1. Looking at segment A:75-85, is at least one residue more than 11 Å from the chain's Cα centre (by Cα) and at pLDDT below 95?
2. Restricting to segment B:8-43, give me the number of residues that are in a loop (DSSP other than H, G, I, E, B) and hydrophobic (A, V, I, L, M, F, W, C).
3. Determine which single condition A:THR53 fails, assuming it passes every other condition in (1) more than 20 Å from B:GLY41 (Cα to Cα); (2) touching a residue at least 24 places away in the same chain (Cβ under 8 Å).
4. Please find, within segment B:75-107, the residue that is modelled with the lowest pLDDT out of those that are buried (at least 16 other Cβ atoms within 10 Å of the Cβ) and hydroxyl-bearing (Ser, Thr, Tyr).
5. Could you tell me whether any residue of segment B:44-53 is out of contact with any helix residue (DSSP H, G or I) (no Cβ under 8 Å at 6 or more places or on another chain), in a loop (DSSP other than H, G, I, E, B) and in contact (Cβ under 8 Å) with a residue 40 or more places away in the chain?
6. Going through segment B:11-31 one residue at a time, which ones are modelled with pLDDT under 95 and farther than 21 Å from A:GLY58 by Cα?
7. Would you say A:PHE64 is of a type outside the set (D, E, K, R), surrounded by 17 or more Cβ atoms within 10 Å (Cβ to Cβ), more than 14 Å from every other protein chain (Cβ to nearest Cβ) and over 17 Å from B:GLY43 (Cβ atoms)?
8. From the list B:THR106, B:THR71, B:THR65, B:THR101, which one is under 15 Å from the mean Cα position of the chain (by Cα), touching a residue at least 12 places away in the same chain (Cβ under 8 Å) and at positive phi?
Amino acid sequence: KAGVTQTPRYLIKTRGQQVTLSCSPISGHRSVSWYQQTPGQGLQFLFEYFSETQRNKGNFPGRFSGRQFSNSRSEMNVSTLELGDSALYLCASSSPPPDEQYFGPGTRLTVT
Amino acid sequence: GDSVTQMEGPVTLSEEAFLTINCTYTATGYPSLFWYVQYPGEGLQLLLKATKADDKGSNKGFEATYRKETTSFHLEKGSVQVSDSAVYFCALSSGGSYIPTFGRGTSLIVHP
């Protein structure tokens with residue numbers, strides 16, 4: 001089975017712009033979660049989607065949003081980028097039971 | 001709420017040394033416990049897991065035992081290699097929550 005894929009792998013954006021990141025889960029997995037990883041804060045949960053519905057949400061401002069499509073692919077969007085949004089964004093998929101997660105390689109976002 | 005505490009890193013060892021990375025947790029009920037590993041430039045990948053008390057998870061020479069009495073899940077390896085250099089995350093998943101709780105990660109550096 002193909003693993004979780006994320007595109008693009010690297011992005012450089014300017015403060016104030018917006019960005020969309022994409023994640024394709026493992027075939028058959030219906031749950032997709034997003035995480036932000038930074039050296040200072042570690043791994044922080046953004047949100048989780050299951051069957052096109054946001055099922056769980058972390059403690060991030062409304063500038064961070066996401067969606068999931070009928071084929072389970074997911075996108076996350078960050079609007080009005082800030083310097084502090086520079087991070088590695090990881091996507092993970094899982095299948096019932098909601099147990100272990102399978103991570104993609106991440107998208108490295110740099111905001112200048 | 002649930003929480004995971006890992007020993008601070010970096011842990012620096014010589015090749016063939018014995019490794020222990022401590023992990024303790026707080027959770028309601030009977031969580032599943034995991035160790036994930038993140039190699040440089042990659043996403044996290046599951047290293048091993050244990051789903052009930054006294055279970056031992058093992059993979060690639062690493063092992064960890066689910067100790068309910070001490071709420072611990074310490075990671076051990078008898079003889080580390082340079083290729084084991086990575087960041088190791090302890091995590092738990094407890095009933096009703098689809099989102100695992102991660103520790104802050106422990107960096108392991110192995111010198112030849």
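1. Looking for residues that are more than 11 Å from the chain's Cα centre (by Cα) and at pLDDT below 95, one finds none in segment A:75-85, hence no.
2. 3
3. (2)
4. Filtering segment B:75-107 for residues that are buried (at least 16 other Cβ atoms within 10 Å of the Cβ) and hydroxyl-bearing (Ser, Thr, Tyr), the one modelled with the lowest pLDDT comes out as B:SER97.
5. Scanning segment B:44-53 turns up no residue that is out of contact with any helix residue (DSSP H, G or I) (no Cβ under 8 Å at 6 or more places or on another chain), in a loop (DSSP other than H, G, I, E, B) and in contact (Cβ under 8 Å) with a residue 40 or more places away in the chain.
6. B:GLY29, B:TYR30
7. yes
8. After ruling out the rest, the residue left standing is B:THR71.
The values are calculated or read from the model by the stated rules, or taken from the named source; none is laboratory data. Just so you know, these numbers come straight off a predicted model, no measurement behind them. Positions of Cβ are generated from backbone atoms using ideal geometry, with glycine treated the same way; all protein chains shown enter the neighbour counts.
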